[in-house]
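Accompanying notes for the structure given below.
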Amino acid sequence: MALSDLKEKIKDTPISAILSRYLQIHQKGKHKLALCPFHNDKDPSMHINDEKNMFMCFACQTGGDAITFVSKFKNIDFKGALEELAGILGVDYQDYARERVASPKEEMAKKILSKSSQIFKKIAIENNPAPYLEFIKNRNINKNTIDEFCIGFAPNSNILSNYLDSIPNENEKKMAINIALEIGILKKDLKRENAYYDTFRDRIMFPIWDQYGNVKGFGGRAIHDYQKAKYLNSGESFTFNKKNILYGLNLAKHSIRDRDYVILVEGYMDVIGPFQNGFKNTVAVMGVGLSEYAVNALKGLTKNIYMALDSDQAGMNAMKRVNELFMKQNILPKIVDLSPHKDPDEFINSLGALAFQERIDKAQTYIDFEIQSLLPESIPETSDQKLEILQKIFKLISPLRENLLATERIISFARRIGLKSTEEQILRNYTNYLNSNSKYNTFTSNHSISDESNFSDLDSKNEINLNISEQIPEKLDQIYELTKYEKVMIKEIVQHPEILTHPKLKEILDHSSHNGVKNYILELKEIYFEIDDLEYFSIVSEKTNSMNVDLRVKEVAGAALFNYRPEKLEESVVDKFLTDLDGKLLKEKLKMQKDALKIKQKNCQTKDELNNILSELHKIDKELFKIKKQNQINS
């Protein structure tokens, strides 16, 4: 993992859920509002948009993403904000902070897996194999779904082996084949020395991605009765850890966040079927295991878990284990009744999407379902028998520890079976049970949120040296806030990126005193020619919220992005805007330089130094006078 993964995790969390840790958020119609902490706000001026995952104060014109908010609110740098947010999301910052460059081995594995997915998809689309077409038809899978899930086909040949054999560089080919063998794409031929063959043959192919859309492995469905495994999945390797993967999460995460619940299933088609029928917030567990990493990935998106795993005994056992993992996070999943069908895909194909939604709406909390199953048909008469049943409830509830979600259920159940002990006695008994069964400790993060602003961790480059005599005009961007017209420039360029193509822009940027502003706009200019209009918001948002952008620039650009509408200005309007801006920026820069020189004048040590300063001040005054005369002529 890397900090980029943590940023993705933050981006996948509704910004309102994060900002609610610091602000009281009010819902007003479709809008979420809060008092802005960055100025003396009396009437809520801050708008919070979960769809854009941004905030914007319409009074002080400050905006941005969650990282920008935390940086400004806590007065900490970019990495400090990431660490703070990791605590909020319940993950270990150090797991992400260990930045490392991917090894050549990892890069090669990534290329092999990605290329394999492309080859399987190409064969399916271009060759139209009969078994593939039959499967698609029988399962009612449409073209959009095929494209979304990159469903492909592995022929009964060594197509991947032949592809890797075609690599011209011998060293690279040897490395690729060895890695393909290690990650299970190829297998060694035991009958021939130094020979190998494709693992997946004559199978419908489902790429398995991580939550960021990187192919990590494959699932292959058999097309012949004689094939031993109906589903053949990638084995565990350095690229594939099935406990950490939730199939379809890369496609489902935005829908999960928007709808605020997830449907948890256990098969590829149990994701694909519901997805095609509008339930795009569906993901599948890979096997019976589920790791803390996977639980946290879902917890960061929603606290509402609906389990719709297969209704056979294996599925029920899996739900029991999944439920316990979420209970340790004080989350109570619900169980979706699929009877009389085995799985969600079968249910929807038989009864339809509306019926499936009705079952979701009526879903019962799983722990209550299990408690009900422990309640005997007839209440036992002896206290010993009643206490024996209560011990089973203790075990069932124990992942919740002493949370009210647990204790309220224990008291209620004790009354239902007729125990006459006091609530204090029952709960004391439960506490004793927990103390003697320490394995039910939770795996929550040690991170906590401090309400105190941390002023000691300021990035050193943003600290102001109080000995102004050591400051020089070239360092003005470290001393001063952005000027009025620098803010105007950022805002207009972000909202009207066609300005980036104007030939006057470079000259105008030279009149900005702030290097952070210049660097940001030049980076926007560089990427503007490489992106489509449809990609503009997401790519510029990503660029704006990166670590190397000055916080003062971020909050202005973030506010501009919040209000972004793809409306282009006429060339004459752009030309007039830049002409006016040029003079105003130059005037601001000269005044800032003059202020800095006056401060140095008070601290100068020699007569020569004083004369030099006076000479510079005279030059600046002459330039300011020329600008004033020009403005009078233009007006």
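Contact annotation: residue pairs with Cβ atoms under 7 Å, 6 or more positions apart or on different chains, pairing a residue in the stretch 377-389 that is in a helix (DSSP H, G or I) with a partner that is surrounded by 11 or more Cβ atoms within 10 Å (Cβ to Cβ), are 386/380; 386/417; 386/418; 386/419; 389/374; 389/417.
Selection of the stretch 562-607 for residues being small (Gly, Ala, Ser) and under 43 Å from the mean Cα position of the chain (by Cα) yields 572, 583. If I filter the stretch 351-366 down to residues being surrounded by 15 or more Cβ atoms within 10 Å (Cβ to Cβ) and out of contact with any Pro (no Cβ under 6 Å at 6 or more places or on another chain), which single residue comes out as nearest to residue 262 (Cα to Cα)? Applying the filter and picking the extreme gives 360.
Name every residue in the stretch 44-80 that is more than 16 Å from residue 544 (Cα to Cα), out of contact with any Phe, Trp or Tyr (no Cβ under 7 Å at 6 or more places or on another chain) and β-branched (Val, Ile, Thr), in order of residue number. If the condition is that a residue be more than 16 Å from residue 544 (Cα to Cα), out of contact with any Phe, Trp or Tyr (no Cβ under 7 Å at 6 or more places or on another chain) and β-branched (Val, Ile, Thr), then 76 is the only one that fits.
Table: residues versus (1) free of Cβ contacts under 8 Å to residues at least 40 places away in the same chain; (2) part of a loop (DSSP other than H, G, I, E, B); (3) of a type in the set (Phe, Trp, Tyr); (4) buried (at least 17 other Cβ atoms within 10 Å of the Cβ).
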site	(1), (2), (3), (4)
191	yes, yes, no, no
194	yes, yes, no, no
206	no, no, yes, yes
212	no, yes, yes, no
218	no, no, yes, yes
227	yes, yes, no, no
232	yes, no, no, yes
239	no, yes, no, yes
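Scanning the stretch 434-449 for residues that are open to solvent by less than 30 Å² (accessible area, probe 1.4 Å) and either at pLDDT 85 or above or part of a loop (DSSP other than H, G, I, E, B) (or both) yields a total of 1. Scanning the stretch 330-350 for residues that are open to solvent by 70 Å² or more (accessible area, probe 1.4 Å) and within 12 Å of residue 274 (Cα to Cα) yields 346, 349. Within the stretch 542-552, being part of a helix (DSSP H, G or I) and either closer than 21 Å to residue 502 by Cα or within 22 Å of the chain's Cα centre (by Cα) (or both) holds for 542, 543, 544, 551.
Each residue in the stretch 560-597 was checked for being aromatic (Phe, Trp, Tyr) and open to solvent by 40 Å² or more (accessible area, probe 1.4 Å), and 1 pass. Residue 477 passes every criterion in (1) assigned to a helix (DSSP H, G or I); (2) buried (at least 16 other Cβ atoms within 10 Å of the Cβ); (3) at pLDDT 85 or above apart from (3). Looking at the stretch 82-103, is at least one residue of a type in the set (Gly, Ala, Ser) and modelled with pLDDT of 90 or more? Checking the stretch 82-103: not a single residue is of a type in the set (Gly, Ala, Ser) and modelled with pLDDT of 90 or more.
The values are calculated or read from the model by the stated rules, or taken from the named source; none is laboratory data. As the structure is a computational prediction, the values presented were derived from the model and not from experiment. Please note: Cβ atoms are built from the backbone with ideal geometry, for glycine as well, and neighbour counts cover all protein chains shown. What goes into the accessible areas is simple: the full protein's heavy atoms, side chains included, and nothing from ligands, DNA or RNA. Shrake-Rupley method; radii C 1.70, N 1.55, O 1.52, S 1.80 Å.
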